[in-house]
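The values are calculated or read from the model by the stated rules, or taken from the named source; none is laboratory data. Please read these numbers as outputs of a predicted model, since none were measured by experiment. Reconstructed Cβ throughout: ideal geometry from the backbone, glycine too, with neighbour counts over all protein chains shown. When the accessible area is computed, the model is the full protein with side chains, heavy atoms only, and any ligands, DNA or RNA have been set aside. Shrake-Rupley method; radii C 1.70, N 1.55, O 1.52, S 1.80 Å.
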Amino acid sequence: MRMTPAVKVILIINVVLYVLTDWVTPMVPLDGHTDWFRNFNALHPIGGRGFVLYQYITYMFMHGGWWHLFFNMWSLMIFGNAVEQQVGTKRFVWYYLLCGIGAALVNQLFTWLGIINPAQLVGASGAIYGVMAAAAFFFPNAKLFIIPIPFPIKLKYLVGFYTVVEMYLGITSIDGVAHFAHLGGILVGAIILFVWKMQEKKNGRQEHYYYSSTHGSHYDKEEGLGGKMKEFFVGKRTPKMRVTNVREMNGSDYQYNERKRQENEEIDRILDKIRKNGYQNLSEGEKATLFNASKKMRGEE
């Protein structure tokens, strides 16, 4: 399975930190404790001894065992590659981290409400469930085989089923699994996807604006974390050029609309082929078409 850049880096970080946590640091006890590295990086309950803000990030790179790590990373590869190809590497990284942070906050909320007992939180599951939600959003009708079910299930139904199961287990189970963190990842992911969708519709109504990297001179550049977050939610701002005569740029209205219709039909055909046969079965020409369309959507051309 060919991995996208962010998925590959996230997987490597998780594996390296697991080896460090379970195999290396136990050989160097700290104050008589062999599990000190996981303890430093796991998310402690708010107000509890050992709670530090950086744990909202580090906890999602800690795991409680080999199988915990394996299933999370396997799910990341299955769903993360497709989502990263869809939204781009930078947005995918922000999305992944925000889903993980949101999952932790939701879990702590239910701890504060007394619904679940206070405990350290480790694992990428919250972020992974957010990625699964994104995969179901972008590819709702993609089919997966889930052992031991003998027939394929559409992704939208699979994620819906997982959501219901996590809600039920979160309320009834005392198995030590952070079910509300899983739900938190789905919830935060859904909110982000909704904002993206609304922004896409808003941009779609700006019919008289065309974007160019070589024409126009008006930039709204924002620096720092605030600018990065705004770029994450509303997309990358590009130079804008007001076009008052569409015919001068694109010929007649009919020719322009016909060309756009053909381009959209070709993109739909390629995406349908990906859903049926996988990205790896695309021709080089189809990959180039998809890549160029993606750049245009992100305002890079």
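Looking at region 14-67, which of the residues that are under 20 Å from N107 (Cα atoms), of a type outside the set (A, V, I, L, M, F, W, C) and part of a helix (DSSP H, G or I) is most open to solvent (accessible area, probe 1.4 Å)? In this case the residue turns out to be N39.
So for region 93-102 (the condition being in a helix (DSSP H, G or I), among the β-branched types (V, I, T), in contact (Cβ under 8 Å) with a residue 12 or more places away in the chain and open to solvent by 50 Å² or more (accessible area, probe 1.4 Å)), does at least one residue qualify? Yes, there is a match, as at least one residue in region 93-102 is in a helix (DSSP H, G or I), among the β-branched types (V, I, T), in contact (Cβ under 8 Å) with a residue 12 or more places away in the chain and open to solvent by 50 Å² or more (accessible area, probe 1.4 Å).
Of everything in region 249-275, what is at pLDDT below 75, among the charged types (D, E, K, R) and either open to solvent by less than 60 Å² (accessible area, probe 1.4 Å) or touching a strand residue (DSSP E or B) at 6+ places or on another chain (Cβ under 9 Å) (or both)? Give them in sequence order. Within region 249-275, just E258 meets the criteria. Of all the residues in region 156-174, those that are touching a Leu at 6+ places or on another chain (Cβ under 9 Å) and free of Cβ contacts under 8 Å to residues at least 60 places away in the same chain number 4. For region 148-185, the set of residues classified as of a type outside the set (A, V, I, L, M, F, W, C) and open to solvent by 100 Å² or more (accessible area, probe 1.4 Å) consists of P148, P150, Y157, Y168, listed by residue number.
Q55 meets all of the listed conditions (1) among the polar types (S, T, N, Q); (2) without any contact (Cβ under 8 Å) to a residue 12 or more places away in the chain; (3) under 25 Å from H179 (Cβ atoms) but one, namely (2). Summed over region 116-129, the residues that are without any contact (Cβ under 8 Å) to a residue 60 or more places away in the chain and either assigned to a strand (DSSP E or B) or open to solvent by less than 20 Å² (accessible area, probe 1.4 Å) (or both) give a count of 1. None of F70, F145, F137, F79 is among the hydrophobic types (A, V, I, L, M, F, W, C), without any contact (Cβ under 8 Å) to a residue 60 or more places away in the chain and buried (at least 24 other Cβ atoms within 10 Å of the Cβ) except F79.
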